[in-house]
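What follows is one structure encoded as structure tokens, with my remarks underneath.
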Amino acid sequence: MLTFTIRRLLLSIPTLLFIALVIFLLLELAPGDPMAEMPLTIPPEVKEKMREALGLGQPWYVRFYLWLYQFFIVEPQYWIDALFGTDFAQGAQRIISFQSRSPVFDTIGERLPQTLWVVGMSYVVGVILAIPIGIISAYRQYSIFDQIGTLISMIGFSVPTFFTGVLLIVIFSVHLGWFPSIYDTTLEVTDWTSFKMQLRQMAMPVFVLALYNAAQISRYMRASMLDNLGQDYVRTARAKGMTEKVVVLKHVLRNSMIPVVTVIALGVPQVFGGAIITEQVFKVNGLGQLLIVAIHGNDIPMVMTLTFIFAILIVLFNLIADILYGVLDPRIRYD
């Protein structure tokens, strides 16, 4: 397993470099100019100097190399300096946003807690609900529970999140007044009162996203359980006198989790990517909204950094899913 992990990590290096190059070239070829939103009263020669100050006057391959150097060398040095009080990155140029003129990773760090509060919590809740629902639905196939679960799953997976979000706002914010319609990103959780306020403003966006995630994962869980419940080893285990609880939860569930692990693992990078539509509906200043604003403003460093971080997370959690295969199924060996 260790050899397989090291081999996959080494293989991921050229893969990520190629992904970074593709992202950079796509942004380079995309229409738009970071200077387009500047006032028309600015003279052309001043705009040209501003372009040079942003590094846009250099060839694309020079800018791509500088971005790679800043991402992999300079930024980690800043993190080490912040943790241990060293000065490795003293005077080094960080990745700077075209829009805010501030370091990109500082802006991402400010938005990340909002995304984890809402999107991260909704994913955890969705997984916790989806797995038992899928297990019970498969074990009691065509029962009332299974039919209700199927109906709710179809609704949660089919109805768009912007419709569900607006519907909840109209019912629970406008008419009932139970929850706030706009997420207050300035709220700091310092005591029990502020914690309850945080839970109230998280309730609706978390419910919207948890319903969507649970609907998808529960369907995979149900299908995988049904496939394994009809296998010969299940009949053999029952014939040996094992209790139904042991058969279902120890043997069937473990094998059924193998394909579901892929779905869950590949869904984790979406947590850090943010839920763009839901964040827009509830005005959550998370990473999803940050990416949209950066795209509209042609903020190439911000878009490049965010998309590349998402790519790293996808490659990483693909590897984690493969490793978990070996943990769940002893027959799978990579070495």
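Report the relative contact order of the chain, percent, no decimals, based on alpha-carbon pairs under 8 angstrom and at least 6 residues apart.
Once normalised by length, the contact order is 26 percent.
Once Rh is set to the Kirkwood radius over Cα pairs, what Stokes-Einstein translational diffusion coefficient, in µm²/s, holds for segment 55-118 at a temperature of 37 °C and a viscosity of 0.692 mPa s? Present the calculation step by step, with values, prior to reporting the outcome.
Working: Rh = 13.2 Å.
Taking Rh from Cα pairs, D becomes 249 µm²/s.
What is the angle, in °, between the Cα long axis of helix 121-139 and the longest principal axis of the Cα atoms in the chain? Nearest 10 is fine, range 0 to 90.
Helix 121-139 sits roughly 20 degrees off the main axis of the chain.
Just rank SER256, SER100, fewest to most, by other beta-carbon atoms within 10 angstrom.
Result, fewest neighbours first: SER100, SER256.
Find the all-direction average of the projected area of the Cα convex hull for the chain, expressing the result in square nanometres with one decimal place.
So the Cα hull casts an average projection of 23.8 nm².
Got a sec to turn the phi values of segment 286-291 into Karplus ³J(HN,Hα) couplings, 6.51 cos²θ - 1.76 cosθ + 1.60 with θ = phi - 60°, whole Hz, x for Gly and Pro?
Karplus-based 3J(HN,Hα) across segment 286-291 equals x, 5, x, 5, 4, 5 Hz.
On full extension of the chain, what length is gained from LEU116 through LEU2, given 0.36 nm per residue of separation minus the C-alpha to C-alpha distance?
Extra length from LEU116 to LEU2 when fully extended: 38.0 nm.
Take the Cβ-Cβ distance between THR236 and ILE312 as r, set R0 to 45 Å, and report the resulting FRET efficiency rounded to the nearest 0.05.
0.55
Among PRO14, PRO180, PRO301, which one moves the most in a GNM of the chain with springs linking Cα atoms closer than 10 Å?
For the chain, modelled as a Gaussian network with Cα springs under 10 Å, the answer is PRO14.
Which ³J(HN,Hα) values in Hz, rounded to whole numbers, follow from the phi angles of segment 83-92 under the Karplus curve 6.51 cos²θ - 1.76 cosθ + 1.60, where θ = phi - 60° and Gly and Pro get x?
7, 10, x, 7, 9, 5, 9, 4, x, 6
What is the gain in length, in nm to one decimal, between TYR61 and LEU226 on full extension, counting 0.36 nm per residue of separation less the C-alpha to C-alpha distance?
Result: 54.1 nm gained on full extension.
Scale the Cα Rg of segment 223-318 by the rule-of-thumb value 2.2 N^0.38 Å and send over the ratio, two decimals.
The value comes to 1.71.
For a footprinting-style exposure proxy, rank ILE135, ILE6 by other Cβ within 10 Å, fewest first.
By the 10 Å Cβ count, ascending: ILE6, ILE135.
List the residues, sorted by chain then number, that are 5 or more residues from ILE96 or on another chain and whose placed amide H is less than 5 Å from its amide H.
VAL104
So if each residue of separation counts as 0.36 nm, and I subtract the Cα-Cα distance between LYS250 and LEU68, what length gain in nm does that give?
60.8 nm
What list of ³J(HN,Hα) values in whole Hz, one per residue of segment 65-80 in order, does the Karplus curve 6.51 cos²θ - 1.76 cosθ + 1.60 (θ = phi - 60°) give from phi, with Gly and Pro shown as x?
Those phi angles translate into 5, 4, 5, 4, 5, 5, 5, 9, 10, 5, 4, x, 5, 5, 5, 5 Hz.
The numbers here are math on the coordinates, done by the rules we state, and not lab data. Computed from a predicted structure; not experimentally measured. Neighbour counts run over all protein chains shown; Cβ positions are idealised from the backbone, glycine included.
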